[in-house]
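Before any comments, here is the structure.
FYI, it's all coordinate maths here, none of it is from the lab. Fair warning: this is a prediction, and the values are worked out from it, not measured in the lab. Positions of Cβ are backbone-derived with ideal geometry, glycine not excepted, and every protein chain shown enters the neighbour counts.
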Amino acid sequence: MGNALLKARALARQLLDAGITASTLADDSGLEVDELENRPGIHSARYGGDEIGWPQRRAALLAELDGVPEAARTARFLCTMALVKPDGDAFIATGEVEGRLLTAEQGTGGFGYDSLFYCPPLDRTFAEITEDEKNVVSHRRRAADALLEALRDSE
């Protein structure tokens, strides 16, 4: 949660330094795996090292979970969004979607860990659903909806 707020405040400072007064929005998303004590978490985009790509990150995650039974492969995508208004007021909201990690990639769409993340209500991985379907259930959508609600409640 703190990472999204740090990003939004840093951008607000950069804008102010440039003479621009505006609200700033930032997010931070990640994958938490219960069996890995919620790793990779905020380090999801750098899991396995900065020098490797997504195929290698997915392979590293699968290797670390090798032998873990299906029931213990529970995971969630999390997103925190932070909006900082010009007066410094901050609004923070989170969204998550629960699922589990498969033992092999499935599907060709999406990005990141989508081909490993099975979403039970959809009975498919995030890489097997359309963008429109994902936008209805995704952690980012849920965080955005929660942020809009928080803003409406503040009026």
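For the range 1-56, state which GluC sites (Glu not before Pro) are in a DSSP loop and have at most 14 other beta carbons lying within 10 Å of their beta carbon.
Qualifying residues, ordered by number: E37, E51.
Which length gain, in nm to one decimal place, applies between A18 and R124 when the Cα-Cα distance is subtracted from 0.36 nm times their residue separation?
33.6 nm
Taking the Cα-to-Cβ direction at N38 and at T108 and moving 7 Å from each Cα, how far apart do the two end points lie in nm?
3.7
Which one is right for this structure if percent of Cα pairs over 19 Å apart is calculated from it: (1) 51; (2) 58; (3) 62?
(2)
If I take every Cα pair under 8 Å that is 6 or more residues apart in the range 2-154, average their sequence separation and divide by the length, what percent do I get for the relative contact order?
That works out to 21 percent.
Under 13 Å from the Cβ of T103, count the other residues' Cβ atoms, weight Lys and Arg +1, Asp and Glu -1, and hand me the total.
Taking every Cβ under 13 Å from that of T103, the sum is -2.
Tell me, how many Å apart are the Cα centres for the range 5-75 and for the range 88-155?
What the calculation gives is 14 Å, centre to centre.
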